[in-house]
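Report on the following structure.
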Amino acid sequence: MSRLLSVSVPNDLADEIESLAEASGKTKSELVRTALWRQVRLERFSALQRFGQDQAEAAGVGPDDIEALVDPFRAG
């Protein structure tokens, strides 16, 4: 199921999207949908990184500790 989402963009960006759609043989909707999915995944990944960093700081683990923590898992 899909929902229509109306978004305003500056003229120069609209022109770029139209040119890219034509050159790639995709619709403007496909291009924008793909870009939005990428941004959503990037935001989720950034939130996960922040969570990991917060957890590490709370546990007193710093960048210099990482190798010593990971080595036993690499060894199997």
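The values are calculated or read from the model by the stated rules, or taken from the named source; none is laboratory data. This one's a predicted model, so the numbers in the text were calculated from it and none came from an experiment. Cβ: placed from backbone, ideal geometry, glycine included. Neighbour counts: every protein chain shown. The accessibility values were calculated without ligands, DNA or RNA, using every heavy atom of the protein model including side chains. Shrake-Rupley method; radii C 1.70, N 1.55, O 1.52, S 1.80 Å.
A single member of V32, V9 is outside any helix (DSSP H, G or I), within 22 Å of the chain's Cα centre (by Cα) and surrounded by 10 or more Cβ atoms within 10 Å (Cβ to Cβ), and it is V9.
Within segment 41-59, the set of residues being of a type in the set (A, V, I, L, M, F, W, C) and either over 21 Å from I17 (Cα atoms) or surrounded by fewer than 10 Cβ atoms within 10 Å (Cβ to Cβ) (or both) comprises F45, A47, L48, F51, A56, A58, A59. Condition check: at pLDDT below 95 and either hydroxyl-bearing (S, T, Y) or open to solvent by less than 90 Å² (accessible area, probe 1.4 Å) (or both). Does G62 satisfy that? For G62, the condition - at pLDDT below 95 and either hydroxyl-bearing (S, T, Y) or open to solvent by less than 90 Å² (accessible area, probe 1.4 Å) (or both) - is met.
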